[in-house]
Every structure is written in C-alpha cells, then in structure tokens.
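Quick notes on the structure that follows.
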Protein chains: 4
Amino acid sequence: MSPRTPKQFEKIRHDRRKSIMDTALEVFSENGYANASISMIAKKAGISKGLMYNYFKSKEELLSTIVLDGLNEMFELLDPNKDGVLTKEEFTYFIEEVFKLINEKRTFYKLYFSLMMQPSVWKLFEARLAEIIEPFMKITIDYYAKKGVENPLLESLLISALFDGIGFHYVFNPEQYPLDDIKKLLIERFV
Amino acid sequence: MSPRTPKQFEKIRHDRRKSIMDTALEVFSENGYANASISMIAKKAGISKGLMYNYFKSKEELLSTIVLDGLNEMFELLDPNKDGVLTKEEFTYFIEEVFKLINEKRTFYKLYFSLMMQPSVWKLFEARLAEIIEPFMKITIDYYAKKGVENPLLESLLISALFDGIGFHYVFNPEQYPLDDIKKLLIERFV
Amino acid sequence: MSPRTPKQFEKIRHDRRKSIMDTALEVFSENGYANASISMIAKKAGISKGLMYNYFKSKEELLSTIVLDGLNEMFELLDPNKDGVLTKEEFTYFIEEVFKLINEKRTFYKLYFSLMMQPSVWKLFEARLAEIIEPFMKITIDYYAKKGVENPLLESLLISALFDGIGFHYVFNPEQYPLDDIKKLLIERFV
Amino acid sequence: MSPRTPKQFEKIRHDRRKSIMDTALEVFSENGYANASISMIAKKAGISKGLMYNYFKSKEELLSTIVLDGLNEMFELLDPNKDGVLTKEEFTYFIEEVFKLINEKRTFYKLYFSLMMQPSVWKLFEARLAEIIEPFMKITIDYYAKKGVENPLLESLLISALFDGIGFHYVFNPEQYPLDDIKKLLIERFV
DNA sequence: CATGAATGAGCTTTCATTCAT
DNA sequence: GATGAATGAAAGCTCATTCAT
C-alpha cells in the first residue's frame, strides 16, 4: 500500500469528473436543466454536494462542459477529415455515421434539443456548434454541386433539416421509430 | 360615475387575459417554461403578480391554456376537412398552409419544441397533439399510397421530419433562412 | 312603487349586515379565522367583496363584531337578572339554559374555542367575556356557599370547567355525544 | 481542520432538530398553526428559513412531528400498563399523572386544543389520539362499573370533560388557577 | 480531499384591501 | 350603493452556492 502517485491521483480525478458528467447529462436530459438540482446529481453520482464544486465551479459550468464535450465528440464523429472531395461511398458512410450518432448519443441529443430552444442558454454554445455545422454544410454542398443538383445549398439545407427532424422524432419516441428504414430511404434519396 | 356594466367587465377581462397570454407565450418561448417566472411575465405585461392569478389559477394552467389554444389554431389551419381524397393541388395547398403556420406562429412553434423535450410537462398536451398529427399522417400516407410510392409510411415520416426540421432551423435563425425556396423545393420533391 | 323610505333602507342594511355576519360565522367556524377568506364569505353571502367593506371596515372588525355579538347573546341567555338569590329550581333552570346555549350556538361555540387558543386574537374579546363569566361565577359561588359546600369557589370552578369541557367535547363530536344524559347527571350531581 | 465525523453531523442534526421543534411548538401554540409563519419560527430559532426545510419537508410535517411526538409522550405518561384492574390508589395516581401532564406540557396542551378545533388539520392526528383516549376511557369505565356507579360511561365522560375543561382554563390563565386544590377536589369527588 | 449544515435570493401562490367606474 | 379588477405584502418552499470542520 504505497502512497498514490500523482498520476494515480490524476486518474482518480479524471474518472470522477467523467462520472459526474455522465450522471449530470442523464439528469439534465431527463428533467431539463432548470429542473435538475445539484443535489440530485450529487446523490446519483454518490458524492457530496461540496465535492461537486470541487470539480465544477457552478451548475452552469457543469452544463457547458457537458455540452461542449458532446459537441466535440459530434465533431470528431462527423469530421470527414478528407480533404475536400466526397465520393458516393463516403457520403453513404457519412450518413451512416450521422445515424450512429443520433442513436448512440440519444441522451445528449435530447439535452441539446431542449437547450437549443432557450436563446438565453443557447448563446453559450452557438459558436462551437457553428464550427461543426459549417464544414458539414460545406461538404454536402460541394457533394451536391458536383452531382449536378440544381440548387446545392437548398439540397443541403433540406438534408440537414432532415437529420434534425429525424433526430427529434427519434429521441422523442425511440421505441417505435423505424430508424434503420428511414436511414436506407435517406441514402437512396439523397446520396 | 355609474358602475361598470357586466359587459364592460367582460371586455376588461377578455382583453387582459389575451394580453397576459400573449406576453406569457413570448416569455415562455424565449426562456423556456421552467426558466420563465411569473414575475417576468407580470412585469412585461405591466401588471402585478397577483393579478395573474386572478386570470389563471397557476403557472401550469397558464401554460396549458396557451398551448391548447395554439394547438387548436394549428388544428383549424391544418384540418383538411376533405372527406378522404387529397389531390395534387390540395397537397400543394396543404404544404403552403404548413409553411404559413411555421411563419406566423413562430413564437408558438418555439415553445412547442421546447416543451416537447420535457416529458413531465409534455404529457399535458400529448393527447391533443395526437388529434392533429394523426389525420395529418393518415392523409399523407393515403396520398403517397395512391401515388404509388413504395413505402408510404416512411415517406410520410420523412416529410413530417422535414416539416419539424425546417421549422426548427427557421425558428432558430429566421432572418437568413430561405423559407420560400425550401418550400418550393419541398413541393417539387414531395408532392 | 314609491321610493324607499329611510326606514326601509335601514332595514335593508340591517338585514344584509346580519346575513353577512351569519355567513361569516359559518365560514370562520368551519375553516378557522385565518383560513377563511373574504372572497369565500362574500361569494357565499351573495355579494361582492367591495360591498363587504361597506359593512365592515376589515376582516378583523367582522370577526370581532361576530364574537362580541355572540358573547352578548350568551350574556342575555345566561344573565340571571335575579337580584342575588338563586334557588334550586332557578339553578336547574340555569343549567338547562347553559345546555340550550351549547346546543343552539354550536357554530359560535366552535369559533369561540378556536379563538380562545390564540392569545394574539383573544385579547380582543377577553374583557367582554370577563363581564359574562364574572356574574356567572359569583352567582354559583353564592349558591354553593348557601348550600354549605366546603369550598364554594372550587366547586364553582369545577362546574365551569365542566361546562367548557362538555361544550368542547360536544362541539367536537355532536352526533354521538349524549348531551341530555350528561345534563341530567350534572343536575343531579351539582345542583 | 479534519472533517467532521458522521457522529458529529448526527449530533448537529439532532440538536438543531430539537431546537426547531421546541421553537415551533411555542410559536404554533402562541399564534395557532395557521397564523404561525415559518419566518417567525426561523427567526425565533435563530436560523434561516431555508434551513427549516433541511429538517422538515413542510410546515405540515413540522406540525405533525411535533404533535405526534407530544402524543407519544402523553401516551407513555398515561399508559396504565396494568392488566385490567385499577385500584383506588392506582386511580389516584392516575389523576396525579394527568395533572402532572397538564402542568408540564402546558404549551403542547394549548396547541392540542387549538388544533382540535380545526377539523382539516386535526384529521392528521385523530387516529393516534384515539389510541390514547380509548384505553383511558376503558379503564375508567371499568373502574366506575366495579365501584357500582349507576352509569359508568356517563361518569367517565364527565371526568374526561373535567380534565379537558380544567386543562382549558388552566392553560388560559395558569398563574391564578388553583390547580392543586382542584386536583384534590377531583380525587375526593371522582375516585 | 470531503462533508453536509447553512444561507439567501428568488420562486409560485394567496389574500385583505383599495378604487375607478 | 355596488362591482370586481387591481395591488402589494407576505406566505410556503426550493436550490445554487458557501464554508467550518
């Protein structure tokens, strides 16, 4: 039982931080930000309220960390990282990724939607989201332009509206939504 | 000098009630239900907090009155009232109506989205909304079936996701969204 | 249809006043003073809140008028008005009167008990009540003294405690309380 | 320096809880439940309003804890715990106990009376009180039956009315009430 | 590092009272 | 006289945040 090394301490801190964030995401997403209390989160995470403030300096910072983290994951998942060109196969793959995202990050997505509707809160994340949406729009516009679609921008707006609309409906009623069929249809129709 | 007649009282009540509801819709929509306080609403409506409760017996009743009223208007705007058959022209007209709705009731639409994300609150309105959505789904499914589309249900889900997605994006950034162009494209593509 | 005479106006005022007081007594007694609202009373009395304030300048004044009036009635019912001497028959009659009072003024009695327990409110009526209790005590003490009871004061305290205790129990559970039997026993035992 | 141990926390909680209950009993008893505000209690107890709700989840729970606690003490003080038979000495002792109770728990007794008069609140405690009153009635009825009194139930009602009536008067004016003399008289007369 | 008691601002709601008509 | 819309103070309660230990 030698004393813990600094690295071990850091790992403990990191793990705890992650566990708080996971718990908080769940609680925020379930109850809405305003209705979720720090007490609930702390209890569910198995720590004291005081300790929470050791990891996040306010409820708002906790939220914003969660959201920015989530957006970063989104960014990574969606980041094509391919220098400009998007083939048909790549676009198909891309859509698959979007749907994987919708499905895997359902909880996050729910929170994201609920925040989006509150300008007062949303302002915090708008900029970061733009960083994700912009390349997404650019790459699809390029794709449609190359494909010879009449108005690539509109086409691109259409498919992004579809992504959000589908995500919205799915998150709202995940059990009965035919997500896979919709995905296939989308690939048929929009690739 | 002479006391107010019942008719005068009724007018006062009606006007005030309307003004409270209008203000509240704005405040709820801007801040989310949970974040909007009765104080904010009262101040913005230029009345005392107490008076609110002369008109609505709770914050929840205020919300629910606003939402049900809005859904009723939606219902009237969208109610096809055509016994079963939907021609191409009618469907075009129908889409026009939906976009008119999105545009005119922007504030309400925003509130509607934000509530959808909070199951605890949403339960209050689910039933009424179903009455609107159900005939909408039915009529579009029928339309696509008659048109010979392979999977009418999926097609219908697709277009309803589009409506919500577009509404979502438009509400979010109404100045720059090319709503009319999108509408034209939608009619071209989905009618 | 000649215009109403001043006397008629006065009668209207008097009747209305009485009706407000009766209603208020009921409402106060049923709900307790603090839980009874002016709105409830006005509605139940069939008049507007504003008019209430035409008859009583505050809720407290309404209460105090009711209580003092009730105490006056008590006073009249119990006032022996017999110059000093109290025969056995008169004492029996007196006890009959007390029980009649308990029974007839059940509602008032309930209010009276509930107020008695709140020093802050009670102070208002203490003096008037003393005027009633004092001759009551005096006359019973005299009675017992003449009868040769060892300690007339104690005996008098005992019977007045009994009156209140019985009233208390009866008011609390009027259906099952054997008021008449208790009265007979009391006369047997204490006259 | 070192963090507080669970035992220390428990002591803090226990002490504070007791202090709040003591203060609240006084305030409720002095002003009546409805007229006593949490603010008053908190101020008198020297704590913030918020803290109250760390210890009792509502005003009603605070009241009900106090009353049930008091009734339990009553129960213990009065619980005969003697299997059926009640001798003359035991009955005397029993009356002594009742008077001790009236005297020691004056504040509680006052609250108890004031609550009794408000059916809406009283319902909460009725059942527990019945547990106390029932054996009390039973044991005295048995006693009087054995003694050969003509109507033991009436006799029992009489003495319980006396207990309440005396308590009532004593609580109302404790300084001048000859509680001991009354007690002696009661024992002479009713044992 | 960890705890949870404690605070205080702000929330929803109620209601006696006023007053323009 | 009569109405009820309107006010404002105060109630019960919640919760993010602080801090002594």
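Under the condition of being closer than 24 Å to B:N103 by Cβ, surrounded by fewer than 15 Cβ atoms within 10 Å (Cβ to Cβ) and more than 12 Å from every other protein chain (Cβ to nearest Cβ), the residues counted in the stretch B:136-173 number 0. Checking the structure you have, find out if any residue of the stretch D:84-99 is away from DNA strand F (no atom under 16 Å from the Cβ), among the aromatic types (F, W, Y) and within 15 Å of the chain's Cα centre (by Cα). The answer is yes; a qualifying residue exists.
Go through the stretch D:106-129 and give me each residue that's more than 14 Å from chain C (Cβ to nearest Cβ) and touching a residue at least 12 places away in the same chain (Cβ under 8 Å). Correct list: D:L124, D:R128. Scanning the stretch A:8-40 for residues that are away from every other protein chain (no Cβ under 14 Å) and within 8 Å of DNA strand F (Cβ to nearest atom) yields a single hit, A:I38. A:Y93 meets all of the listed conditions (1) touching a residue at least 24 places away in the same chain (Cβ under 8 Å); (2) part of a helix (DSSP H, G or I) but one, namely (1). Within the stretch B:94-105, is even one residue within 14 Å of chain A (Cβ to nearest Cβ), more than 24 Å from B:P135 (Cβ to Cβ), open to solvent by less than 90 Å² (accessible area, probe 1.4 Å) and away from DNA strand E (no atom under 16 Å from the Cβ)? No, the stretch B:94-105 contains no residue that is within 14 Å of chain A (Cβ to nearest Cβ), more than 24 Å from B:P135 (Cβ to Cβ), open to solvent by less than 90 Å² (accessible area, probe 1.4 Å) and away from DNA strand E (no atom under 16 Å from the Cβ).
Among the candidates C:D69, C:D22, single out the residue that is open to solvent by 60 Å² or more (accessible area, probe 1.4 Å), closer than 25 Å to D:F113 by Cα, at pLDDT 95 or above and more than 12 Å from DNA strand E (Cβ to nearest atom).
Numbers: C:D69 fails: at pLDDT 95 or above.
Going through C:D69, C:D22 in turn, just one is open to solvent by 60 Å² or more (accessible area, probe 1.4 Å), closer than 25 Å to D:F113 by Cα, at pLDDT 95 or above and more than 12 Å from DNA strand E (Cβ to nearest atom): C:D22.
If you go through the stretch C:27-43 and keep only what is surrounded by 19 or more Cβ atoms within 10 Å (Cβ to Cβ) and within 18 Å of the chain's Cα centre (by Cα), you end up with C:V27, C:F28, C:S29, C:G32, C:Y33.
Across the stretch A:44-66, the qualifying residues are those that are outside any loop (DSSP other than H, G, I, E, B), open to solvent by 40 Å² or more (accessible area, probe 1.4 Å) and more than 7 Å from DNA strand F (Cβ to nearest atom), and the one among them that is nearest to A:M116 (Cα to Cα) is A:E61.
Entry remark, the stretch A:7-55: residues being closer than 20 Å to B:Y33 by Cα and among the small types (G, A, S) number 5 in total.
The values are calculated or read from the model by the stated rules, or taken from the named source; none is laboratory data. What you are looking at is a predicted structure, and each value in this text was computed from that prediction instead of being measured. Glycine also receives a Cβ, built like all others from the backbone with ideal geometry; neighbour counts cover every protein chain displayed. Accessible surface areas use protein heavy atoms only, side chains included; no ligands, DNA or RNA. Shrake-Rupley method; radii C 1.70, N 1.55, O 1.52, S 1.80 Å.
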